[in-house]
Amino acid sequence: MALAGLFTAAGPISNLVTATPSNEISKYFKYSLNKEYPEFDYFSVDSLGTNKLENSPLILTPAKEKTFSSKIQHNAAKYYLNGSSSPAWEFEVTNKGFILRSNYVKGNVPWQINFLQNKNHATVLGIVPEKNKIETPSLLHLPDMGSIQIRSKQVKVLDYTASRKDIHNKYVKISFPAASKEQKFVEYSFDIVAIYPEVEGIEKDPRFDGYRRNYLNTFQVNPNWMILSNNSTSDSCAFVQYGYSELAVKAPALVDDLTAIDLVKMTIDRYLDGQKGYGMFGYYADFPGTENVQWGGQNASLDTYPSLLMAACNYYKVTRNKEWLSKKYKGLLRWAEEILSRDKDGDGILEYGFSGNTGSWSGSTFQRPANWWDTIGFGHKDAYSNALAYRALNYFAELCRVEGDERAAKRYVDFAAKMKKNYHDIFINPETGVLAGWKSEDGELHDYYFTFVNGMAIAYGLVSKEQGNKIMDAMLAKLKDVGFRNFELGLPGNLISIPRGDYTHHDPRWGGHTSDEKNDGWQHYENGGTSGNYVYFTLKALYRLGRRKDAETILFPLLKAYNKGSFQGECDNGMTPDWRTWDGECWGYEGFLVDNYWALLIVAEEY
């Protein structure tokens, strides 16, 4: 038995909800309460109030022994335990959300909200003091649906657990403790909000609904790792932390004094204290139902320390926390020196420890390539990682100056200048007019029209405007030539197929080809598969070059896809839409990958 309830929040929704009571059918929240136990049977939110309330991602638990009775009023309920005269739990709709209250009754149980990730990759954003705990205030975020601020004056820590039994059975659980003998009354307030950087003129423009609802999709806290991760039940990757930090710089407060940049700090502090992430030697994550994910063969990927260093710099940029900087400075210096140590021949271009030569990849987990694109044979001089390092070193030089370390600042600025001086000439392919992905140890350029490499180099200023326009002319011409136009899918990472000899995984499931003669991995996963991953850099490059029309040709279809929730869930073939072929067939496995949403930053930066 269930009690259904509806309410409406009225007024503008931007960083915080302003709401008034209404009797009309709710546009923001739809719920159903179990009559026999204190829990929801249906739970759906829409932060924008557009009546997108058809998805309730709750895990419905089996029927329990009937120990509670309930009294139902309009938009309110009371639960009584074993005939007690005082309600053990109370539920009440408020002007902008709802309230849960608990009075001390012996034997009372927590109020739990449990989400099945295949229906929605819910997360709780907040400070994690220890595994499977999260502090209040915090923010419950349901990607593609909305956000709910959680507050309690009496309870400072909630139980927050996430499990990945297999890729089809993943869940997030939040538990709200009942009142106790020591704390005889507790109250939790829940306020529906849409949180995003305000941009003048977009509030009534439906093209930006995906931006306003989903700006926070990039942030997912894994309660087991206690840091920002791919999603709440997935890996934490060291080499993507810079991307999270870039969006955090622009993000408004999440709830009260809690900010997205606080989550970046929590993550960076744990890495500085020695925690391992994917991309670092010694990382190992055993998720039942998946391969044992690990990183081996190199101290770290070539992009790991540039990513971590940039994230730390962004934290300081926002907070100006000099006490933190002084305390962490030696650790940050170690990261910066690790970056410089990778330049083995003194040309200002970093080299990875594996050659990147065609045919050199064994497919072993102990022979990982140089960067995020971890099934492609990036090795030796990697154009992507060097672009990231260029940005990170220039950022860090500013922090060195804050610490009064002018010598270190000059060292990093001079190194970055040498990198910029040589970058274009080393990586440009005169035959195609675009930058190659990597230059292998044998001197060969490996160029497959990498959209993200060329976009990042232009966006970060490693090439001149004239060079950038020539590169982008060639990239857009190739995009047209290969016939890719469905930008709701995002962009392919590469526009022509990578052969078996330059791919680290030889299984077509992951984009490899079964032989040199076959092309059976093309458009699967990282070998030309489409996604929102790294589209940001193509867009940023176009805006930097003043090519707004070209950028919007890609941006607005992508925003439409974000609004539809096109990058989350599970497809009929058992795979997930975080990666697709050019005709839309699913080839992903995460179900939700936060990197898909970095392009939302473009709206905050360019509009």
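All of 326, 362, 307 fail the test of being over 26 Å from the mean Cα position of the chain (by Cα), modelled with pLDDT of 95 or more and polar (S, T, N, Q), apart from 326. The sole residue among 387, 416, 392, 409 that is assigned to a helix (DSSP H, G or I) and farther than 22 Å from residue 300 by Cα is 409. Of the residues 389, 409, the single one that is outside the structural domain of residue 478 (by TED's automatic domain parsing), among the small types (Gly, Ala, Ser), surrounded by fewer than 21 Cβ atoms within 10 Å (Cβ to Cβ) and modelled with pLDDT of 95 or more is 409. When the stretch 212-227 is filtered for residues that are touching a helix residue (DSSP H, G or I) at 6+ places or on another chain (Cβ under 7 Å) and within 15 Å of residue 250 (Cβ to Cβ), the ones remaining, listed by number, are 214, 215, 217, 218, 219. Only residues that are under 26 Å from the mean Cα position of the chain (by Cα) and basic (Lys, Arg) were counted across the stretch 424-460, and they come to 0. Do we find that residue 17 is assigned by TED's automatic domain parsing to the domain that holds residue 181 and modelled with pLDDT of 90 or more in this structure? Spelling it out, it is not the case that residue 17 is assigned by TED's automatic domain parsing to the domain that holds residue 181 and modelled with pLDDT of 90 or more.
Looking across the stretch 163-188, the residues that are more than 22 Å from the chain's Cα centre (by Cα) and buried (at least 19 other Cβ atoms within 10 Å of the Cβ) come down to 176, 177, 178, 179, 186, 188.
You will find that of 553, 530, 538, the residue that is within 22 Å of residue 499 (Cα to Cα) and either in contact with a helix residue (DSSP H, G or I) (Cβ under 9 Å, 6 or more places away or on another chain) or in the same structural domain as residue 52 (by TED's automatic domain parsing) (or both) is 530 and no other. When the stretch 527-567 is filtered for residues that are on the phi < 0 side of the Ramachandran plot and among the aromatic types (Phe, Trp, Tyr), the ones remaining, listed by number, are 536, 537, 543, 556, 562, 567.
Exactly one residue out of 384, 329 is buried (at least 22 other Cβ atoms within 10 Å of the Cβ) and either in contact with a His (Cβ under 9 Å, 6 or more places away or on another chain) or at negative phi (or both): that is 384.
Hey, any hits in the stretch 224-235 for a residue that's under 12 Å from the mean Cα position of the chain (by Cα), at pLDDT below 95 and not charged (D, E, K, R)? The answer is yes, given that some residue of the stretch 224-235 is under 12 Å from the mean Cα position of the chain (by Cα), at pLDDT below 95 and not charged (D, E, K, R).
Pairing each residue of the stretch 559-586 that is among the small types (Gly, Ala, Ser) with any residue that is crowded, with 23+ Cβ neighbours inside 10 Å and outside any loop (DSSP other than H, G, I, E, B), provided the two are 6+ apart or on different chains, yields C-beta distances under 7 Å for 566/577; 569/576; 569/577; 584/489. How many residues does the stretch 193-211 hold that are closer than 23 Å to residue 255 by Cβ and either basic (Lys, Arg) or in a strand (DSSP E or B) (or both)? The number of residues fulfilling the criteria is 1.
The values are calculated or read from the model by the stated rules, or taken from the named source; none is laboratory data. All values derive from a computational prediction rather than experimental measurement. When we count neighbours, we look across all protein chains shown, and the Cβ atoms used for this are built from the backbone with ideal geometry, even at glycine.
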